[in-house]
Structures are given as structure tokens and as C-alpha cells.
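Asker: Below you will find the structure I want to go over with you.
The values are calculated or read from the model by the stated rules, or taken from the named source; none is laboratory data. This is a predicted model, so every value here is computed, not measured. Glycine gets a Cβ as well: all are built from the backbone with ideal geometry, and neighbour counts include every protein chain shown. These area figures cover heavy atoms from the full protein model, side chains too; ligands, DNA and RNA do not enter into them. Shrake-Rupley method; radii C 1.70, N 1.55, O 1.52, S 1.80 Å.
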Amino acid sequence: MKIALYGGSFDPIHIGHLITASCALDFYNLEKVIFIPSHITPLKERILNASDKDRAKMVSLSIESNRKFELSDYEIRNSAISYSFNTVKYFKEFYPDDKLYFIIGADRVKDLKKWYNIIELSKMVTFIFVARDEESLRNIIENDDFYKSISYEIMPSPIIEISSSLIRDNIKNNKNVDYMITKECKNYIEELSLYGFSRNSK
């Protein structure tokens, strides 16, 4: 069985995340993709805008129509810094004989060598680098010997200029977020007035 782990802040989860996961399902013939909202992300100083509970709920609502998408609250329950090494080690115990992939965006690839226990981590998974600009990504990889020591695949992905920060800004400024997030996620944000949502929002 082949399984991909997909970690991130998901603050909130958006269509770009879902398309990436869907592409990985097809590209690698995966059994499932497990979404893992982080608690405290290493190498990032940004404070999360929505609570752990709300971010996990938005993921759950956004993926419920796809039986091959699954939510894990492991990092949230762990309530510590969300080191990918610990997360992968946890899932490896559940799936000892299965092939594990780990999805990361191209913007995080350049920092990969700084990840905690990266060499041991790379022995447990094959990384999927999501490339919106494959040429630029290959320039980073081919000019650094570090990447020769890890197992990775480059997955072409549609260019989708959507980010969680854009969605948060749109909500705060009463701008439309239709088609950027699922209807279920949008309804949840409106119900709880997350990200500065007001009833005057579109």
C-alpha cells in the first residue's frame, strides 16, 4: 500500500491543497492521503490565526467527500513542536510494510536540509516535491549535494495562485473567497466568524 502524508498549517485549507492531494493520488496511485494539521511548525515564526480545533475541523469538512482523504490530529494531540521526523516515525509504526510519501511544497524544499533529523527522516519516506515551476526547483536540487542523500520525486502541479494568507486577507477585507475554499469550509468560517469575518462579507 502507498500512502502520502500531507502536513501543514491549513489556516485555512484551500482548493490548492486539495488539488495537490488529488494530483498525488493519481500520479502515484496512492491508497490515501493523510492531512496532518500542525500544532507549532518549526522554522516558522508566524502565529496561527485559527485554533487547532478549528483548523482540524475545516480540513475534515473540506475532505469529507473524498474517501481517499483522511484527517489525522496526531500533531495537534501531541501539543509540542511539530517535527516531521516524529510524525513520520509515528505513522511508520502503523504502516511498517507500506511505502510512505511526504508531500511538501516547492517553497519548503530549500529549507529541507534544516529539518530536524532529516537524514533519518528521509530513510522512512520518499518526499514528493510539488513543482509549480519545475525548472526553478530542479536548479535548487541539482546544485546542492544534499538532495543526493534523500529519496524524492518531483510532481508537476497546476499553477494555482491561492494561499491561506490571501484567503484570510480577503475575509478580513470583506472580499469574496468563493472557489478558493470549499463551501463547507466557508460556512464554518462564517458560522464562527473566523479570520475577522463579518456579516457584511460576500
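Asker: Name the residues in region 71-104 that are under 19 Å from Thr126 (Cα atoms) and charged (D, E, K, R), would you?
Answerer: Listed by number, the residues that qualify are Lys89, Lys92, Glu93, Asp97, Asp98, Lys99.
Asker: Moving to a separate point now. Has region 25-39 got any residue that is modelled with pLDDT of 95 or more, among the hydroxyl-bearing types (Ser, Thr, Tyr) and open to solvent by 60 Å² or more (accessible area, probe 1.4 Å)?
Answerer: Within region 25-39, not a single residue is modelled with pLDDT of 95 or more, among the hydroxyl-bearing types (Ser, Thr, Tyr) and open to solvent by 60 Å² or more (accessible area, probe 1.4 Å).
Asker: I would also like to ask the following. Just need a number here: residues in region 10-24 that are of a type in the set (A, V, I, L, M), open to solvent by less than 20 Å² (accessible area, probe 1.4 Å) and under 16 Å from Ser164 (Cβ atoms).
Answerer: 2
Asker: What is the residue count in region 47-72 for residues that are of a type in the set (D, E, K, R), under 14 Å from Pro12 (Cβ atoms) and assigned to a loop (DSSP other than H, G, I, E, B)?
Answerer: So the count comes out to 0.
Asker: Scanning region 108-117 for residues that are under 18 Å from the mean Cα position of the chain (by Cα) and open to solvent by less than 80 Å² (accessible area, probe 1.4 Å), which turns out farthest from Ile141 (Cα to Cα)?
Answerer: Applying the filter and picking the extreme gives Trp115.
Asker: Filter region 77-105 down to residues that are open to solvent by 30 Å² or more (accessible area, probe 1.4 Å) and aliphatic (A, V, I, L, M) and give me whichever is modelled with the highest pLDDT.
Answerer: Ile81
Asker: On the given criteria, is Ser38 of a type in the set (Ser, Thr, Tyr), touching a residue at least 40 places away in the same chain (Cβ under 8 Å) and touching a helix residue (DSSP H, G or I) at 6+ places or on another chain (Cβ under 9 Å)?
Answerer: Taking the combined requirement at face value, the residue satisfies it.
Asker: Can I ask one more? Select from region 40-75 the residues that are in contact with a strand residue (DSSP E or B) (Cβ under 6 Å, 6 or more places away or on another chain) and of a type in the set (A, V, I, L, M) and write down the one among them that is surrounded by the most Cβ atoms within 10 Å (Cβ to Cβ).
Answerer: Val59
Asker: Before we move on, is Leu137 open to solvent by less than 20 Å² (accessible area, probe 1.4 Å) and in a helix (DSSP H, G or I)?
Answerer: Yes.
Asker: How do the pairs read when you match residues in region 149-177 that are part of a helix (DSSP H, G or I) with residues anywhere that are surrounded by 14 or more Cβ atoms within 10 Å (Cβ to Cβ) and of a type in the set (D, E, K, R), using Cβ under 7 Å and keeping only pairs 6 or more apart or on different chains?
Answerer: Pairs that qualify, where the first residue is part of a helix (DSSP H, G or I) and the partner is surrounded by 14 or more Cβ atoms within 10 Å (Cβ to Cβ) and of a type in the set (D, E, K, R), are Ser164/Asp11.
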